[in-house]
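*Asks:* Got a structure for you, questions after.
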Amino acid sequence: MHELLKLDATETARRIRAAEATAHDVTAAVLAHIKATEPKVGAYLHVDEADALSQAKAADAAVKAGKAGPLAGVPVAIKDNIHVHGQQTSCASRLLGDFKAPYDATVTARLRAAGAVMIGKTNLDEFAMGSSCENSALQQTRNPWNVAHVPGGSSGGSAACVAAHSAYLSLGSDTGGSIRLPASFCGVVGFKPSYGRVSRYGLVAFASSLDQVGPFARSVRDTATIMNVLAGRDAHDTTSADRPVPDYAAGLRNDLKGVRVGVVRSYLDQMPNREVAGACQAAIDRMQALGATIVETSLPHADHGIAVYYVVASAEASSNLARFDGVRYGLRVESSSGIESYFRTRGTGFGPEVKRRIMLGTYALSAGHWEEFYGRAARVRTLICRDFDNAFAGCDVMVGPCAPFTAFKAGEKSDPLSMYLCDIFTIPASLAGLCALSLPVGYDKSGLPIGLHMQAPAFAEDRLLGYAHALEQALKPEVDRTPAIA
């Protein structure tokens, strides 16, 4: 592996701004590494080498002109449900065919303005619906730690490329755990900002009251660096919050003195996978050694999170995916009549999991069933939000396992219910609109990563990143490994 690829994004940007390295050399190194690793990992759906080198040339020119941004020349990968002007947005679905984005998403535009190099588009579960990246209609992505295992989903490609060092940073989207779960499986930091902290403009909608764009990184410091670029109000997105954005990098800390850490004890005591429970408990013990006070807390209604999520998210998906009709863009299966073409296009273009969720959501919203399903789910969602409010009255951050297990083998979970349970710990924070992240804290006996789930109140990203950085630095000697495939 090229020496430049061993640096983190923050240091790489510093070297480029200081003319100690060039964006061209960094980008060329990443492109070469992609060619070496992609046959085994399959993280990328599309890499435009010429465009990436052109962006790098522009970054080097900005450095010479004294106008370098905070991510000058740093290669960043983008999940393929986020628009990059002129590049494909497939959502890993046959339905979108060769559709190319007519504009930049706000997050993409902000990365450009910061000097980042968009290196390519990454694989995902089709329309971001899945927990393993096995629902992609286009290709299989594998876990860099063990290619027989899944990278997690839905943002599996974005997690895998950062773990494999074929990007310094990447963007994903998180609706119920689609950043945090693959981050846990792939041993990288995955950050879900609070709902409204980062613009969703240019993100293909799945569930509009839950979707949030966030980054993958190799460190908390890099996460803070890219969040300084991404966060903030956007006039194009009416759900983005008009709130001040602190300097996340400046808020990083090395101790946890005075911090109250909430733990739902049953999550650890009743965890079937004792290796995951043990790694998380060891991390909690380390937080205590750093000065934190451990507080036992509870989330009485969190057990209903899975049921609530799959009603709310499916109902919103049913509405959002109605626009994919084969008329304006993407795949069109011709037939003798317009309505028949519509049915055949959607029947052919959507994969099994997307069809399942559309049907579930349509039923939940249908006359006679709306109150029974969607209305009841909305009320229980409110109870889950209140549970978090009560919990955070007694603690500053909540921690626990990110996933019930480490990355499983491809094809191991064939029924939908077992796959849905992958997100049992991540979904409640999404329903409540909180900020949350997965931090690598250990490995199982097979060498697969284990992630700690850390949650903080809405718009407390600065505090959450500060706490995570302190723990990360304390654990670094034991946790700092690189997958052999990188």
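*Asks:* Once you keep just the Cα pairs under 8 angstrom separated by 6 or more residues, what percentage relative contact order results for the chain?
*Replies:* Taking the mean separation of contacting Cα pairs over the length of the chain, I get 18 percent.
*Asks:* Which of the aspartates and glutamates could a cross-linker bridge to LYS476, judged by Cα under 16 Å and excluding same-chain residues fewer than eight apart?
*Replies:* ASP8, ASP222, ASP255, ASP285
*Asks:* Scan around SER335 for amide H atoms under 5 Å from its own, H built in the peptide plane at 1.01 Å from N, and keep only partners 5 or more places away or cross-chain.
*Replies:* SER341
*Asks:* Still on this model: Would you mind checking LYS100/LYS192; LYS79/LYS413; LYS6/LYS40; LYS6/LYS413 for any pair whose Cα atoms are more than 31 angstrom apart?
*Replies:* The answer is LYS6/LYS413.
*Asks:* Can you put SER209, SER155 in order of Cβ neighbours within 10 angstrom, beginning with the fewest?
*Replies:* Going from least to most buried by this count: SER209, SER155.
*Asks:* Moving to a separate point now. I need the per residue convex hull volume for the range 1-104, using only the alpha carbons, in cubic angstrom as a whole number.
*Replies:* It is 107 Å³ per residue.
*Asks:* For Cα pairs less than 8 Å apart in space and 6+ apart in sequence, what is the mean separation divided by the residue count of the range 150-230, i.e. the relative contact order in percent?
*Replies:* Worked out over the range 150-230, it gives 32 percent.
*Asks:* Determine which residues of the range 98-123 fall in the zone a paramagnetic label at ASP247 would reach in this model, i.e. backbone nitrogen under 11 Å from the point 7 Å along Cα→Cβ.
*Replies:* none
*Asks:* Given a Förster distance of 56 Å, report the FRET efficiency between ALA50 and THR362 from their Cβ-Cβ distance, rounded to the nearest 0.05.
*Replies:* In this case the efficiency is close to 0.85.
*Asks:* Could I ask something else about it? Just rank LEU53, LEU299, fewest to most, by other beta-carbon atoms within 10 angstrom.
*Replies:* LEU53, LEU299
*Asks:* Let me ask something else. Using alpha carbons only, how many angstrom separate the centre of the range 341-355 from the centre of the range 1-42?
*Replies:* Here the answer is 40 Å between Cα centres.
*Asks:* Return, ordered by residue number, the residues of the range 247-282 whose backbone nitrogen is under 17 Å from a label point located 7 Å along Cα→Cβ of GLN288.
*Replies:* Flagged as within label range: 256-270, 277-282.
*Asks:* List, in order, the whole-Hz ³J(HN,Hα) value for each residue of the range 457-472 obtained from phi through the Karplus relation with A = 6.51, B = -1.76, C = 1.60 and θ = phi - 60°; use x for Gly and Pro.
*Replies:* x, 4, 6, 9, 4, 5, 5, 4, 5, x, 5, 5, 5, 4, 5, 4
*Asks:* Could you give the C-alpha radius of gyration of the range 144-298 expressed as a fraction of 2.2 N^0.38 Å, taking N as the number of residues it contains?
*Replies:* 1.13
*Asks:* Output the peptides 423-431, 444-452 sorted from most to least packed, where packing is the average of other Cβ atoms within 10 Å over each peptide's residues.
*Replies:* Highest to lowest by the protection proxy: 423-431, 444-452.
*Asks:* Taking GluC sites (Glu not before Pro) as exposed when DSSP calls them loop (any state but H, G, I, E, B) and at most 16 other Cβ atoms lie within 10 Å, what is the longest stretch of the chain free of them, the sites themselves excluded?
*Replies:* 21-333
*Asks:* Convex hull volume of the Cα atoms in the chain, per residue, in Å³?
*Replies:* Normalising the Cα hull of the chain by residue number yields 136 Å³.
*Asks:* Something else now. Cut-off under 20 Å on the C-alpha distance; same-chain residues fewer than 8 positions from LYS67 excluded. Which lysines are left, in chain and number order?
*Replies:* LYS57
*Asks:* Suppose R0 equals 41 Å. What FRET efficiency, 1/(1 + (r/R0)^6) with r the Cβ-Cβ distance, do LYS257 and THR382 give to the nearest 0.05?
*Replies:* 0.70
*Asks:* How would you rank LYS79, LYS64, going from fewest to most other Cβ atoms within 10 Å of each one's own Cβ?
*Replies:* In increasing order of surrounding Cβ atoms, one gets LYS64, LYS79.
*Asks:* Using amide H atoms built in the peptide plane, which far-off residues or other-chain residues are under 5 Å from TYR201 H to H?
*Replies:* The answer is THR106.
Every number here is computed from the coordinates shown, using simple stated rules; none is lab data. Because the structure is a prediction, the values reported are computed rather than measured. Note that each Cβ is placed from the backbone with ideal geometry, even for glycine, and that neighbours are counted across all protein chains shown.
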